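The values are calculated or read from the model by the stated rules, or taken from the named source; none is laboratory data. It should be emphasised that the depicted structure is a prediction, and the values quoted were computed from it without experimental measurement. Every residue, glycine as well, gets a Cβ built from its backbone with ideal geometry; the counts of neighbours run over all protein chains shown. For accessibility, only protein heavy atoms count, side chains too; no ligands or nucleic acids. Shrake-Rupley method; radii C 1.70, N 1.55, O 1.52, S 1.80 Å.
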Amino acid sequence: MNADNPLRTPVLIAGGGIGGVAAALANSRQGYSVKVLEQASQIGVIGAGIQRVNQIDDHSVTADDTKGNAHRGVGLIGADGVKSAVRRQYVGDEARVSGHVVERAVVEWGNFPADLRWNAAAILVDPNCHLVHYPLRGGEQYDVVVTFHSRKHERWSVRKGGRAEVQSCFEGNCSKARQSIDLPEDWTRWATADREPIGHWSYRRATLLGDTAHPTLQYLA
């Protein structure tokens, strides 16, 4: 690598989600070499999270991952989400857990109630919860997303959910809501969080992007 040639020294991108991949494509189209660091092994070949970032004499930046590897680049884009390790180093704040939980499931078209197969997003709203469903893949599937206020103390997490919890939060709701939530067996559960706004997102050769810079709760997205 040559620190004097920014087109050869890669731009480091922490996070292989939508923001990170979009940033990678944008930099690549400008002629830069790009290196994406992503902790999830199933969607990336590196499979290591960021542990520490070092900036050297304003010429380069080095990101150390959790496996002990050092990645040197001309700049760093932190796109590693609401629990960002990059933001932790530069800002040092903590995520604010909202107490609201989101559970999501996908239902095949043939299993979705015929009277709810609308070619549009639909929302059913209750004072303590709401449900959204909309078509995916040209109508081949339906996304079912429910949001409710948790009955217990939550920590930020993404894990396997459960139909029983969803059903218990929607007791007494209208039949259309019950039709949607009674179908899926496999749910993914998010305990949502955001952060306090900050005045700027760039720090010498590092900058923050997406949820790392300005995370919002799902109903403000």
Selection from region 135-151 of residues assigned to a loop (DSSP other than H, G, I, E, B) and open to solvent by 40 Å² or more (accessible area, probe 1.4 Å) yields Glu140, Arg151
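Each row is one residue, and each column tells you yes or no for (1) open to solvent by 40 Å² or more (accessible area, probe 1.4 Å); (2) at pLDDT 90 or above; (3) touching a helix residue (DSSP H, G or I) at 6+ places or on another chain (Cβ under 7 Å).
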{"site": "His133", "(1), (2), (3)": "no, yes, yes"}
{"site": "His153", "(1), (2), (3)": "yes, no, no"}
{"site": "Ala164", "(1), (2), (3)": "yes, no, no"}
{"site": "Phe170", "(1), (2), (3)": "no, no, yes"}
{"site": "Pro184", "(1), (2), (3)": "no, no, yes"}
{"site": "Asp194", "(1), (2), (3)": "no, yes, no"}
Sort out which residues of region 90-113 are among the small types (Gly, Ala, Ser) and either under 16 Å from Ala177 (Cβ atoms) or not in a helix (DSSP H, G or I) (or both), and write them in order of number.
Gly92, Ala95, Ser98, Gly99, Ala105
Just to verify a result, which residue in region 87-107, among those that are of a type in the set (D, E, K, R) and surrounded by 13 or more Cβ atoms within 10 Å (Cβ to Cβ), is farthest from Tyr219 (Cα to Cα)?
Arg88
How many residues are open to solvent by 20 Å² or more (accessible area, probe 1.4 Å), assigned to a strand (DSSP E or B) and at pLDDT 75 or above when one looks only at region 35-61?
3
So the check is Cβ under 8 Å with 6+ separation or different chains; which pairs have a first residue in region 52-77 that's within 19 Å of Val91 (Cβ to Cβ) and without any contact (Cβ under 8 Å) to a residue 24 or more places away in the chain and a second one that's open to solvent by 20 Å² or more (accessible area, probe 1.4 Å) and of a type in the set (Gly, Ala, Ser)?
Asp64/Ala70
Might you let me know whether region 209-219 holds any residue that is of a type in the set (Phe, Trp, Tyr), part of a helix (DSSP H, G or I), farther than 23 Å from Val21 by Cα and touching a residue at least 40 places away in the same chain (Cβ under 8 Å)?
yes
Complete set of residues in region 170-221 that are closer than 30 Å to Val61 by Cβ and hydrophobic (A, V, I, L, M, F, W, C):
Ala193, Ile198, Trp201, Ala206, Leu208, Leu209, Ala213, Ala221
Please work out if Ser157 is open to solvent by 50 Å² or more (accessible area, probe 1.4 Å), without any contact (Cβ under 8 Å) to a residue 60 or more places away in the chain and either among the polar types (S, T, N, Q) or within 30 Å of Gly75 (Cβ to Cβ) (or both).
no
Could you please tell me which pairs satisfy a Cβ distance under 8 Å, a separation of 6+ or placement on different chains, a first residue in region 104-127 that is more than 17 Å from Gly138 (Cβ to Cβ), and a second residue that is open to solvent by less than 50 Å² (accessible area, probe 1.4 Å) and in a loop (DSSP other than H, G, I, E, B)?
Arg104/Gly161; Arg104/Trp187; Ala105/Gly161; Ala105/Pro184; Ala105/Trp187; Leu124/Asn173; Asp126/Phe170; Asp126/Asn173
Quick check on Ala121: is it in contact with a His (Cβ under 8 Å, 6 or more places away or on another chain), loosely packed, with under 12 Cβ neighbours inside 10 Å and not acidic (Asp, Glu)?
yes
Would you say Ser180 is surrounded by fewer than 14 Cβ atoms within 10 Å (Cβ to Cβ) and either over 16 Å from Arg104 (Cβ atoms) or not β-branched (Val, Ile, Thr) (or both)?
no
I'm checking my understanding of the structure. Among residues of region 148-164 that are of a type outside the set (A, V, I, L, M, F, W, C) and under 10 Å from Arg189 (Cα atoms), which one is farthest from the chain's Cα centre (by Cα)?
Gly162
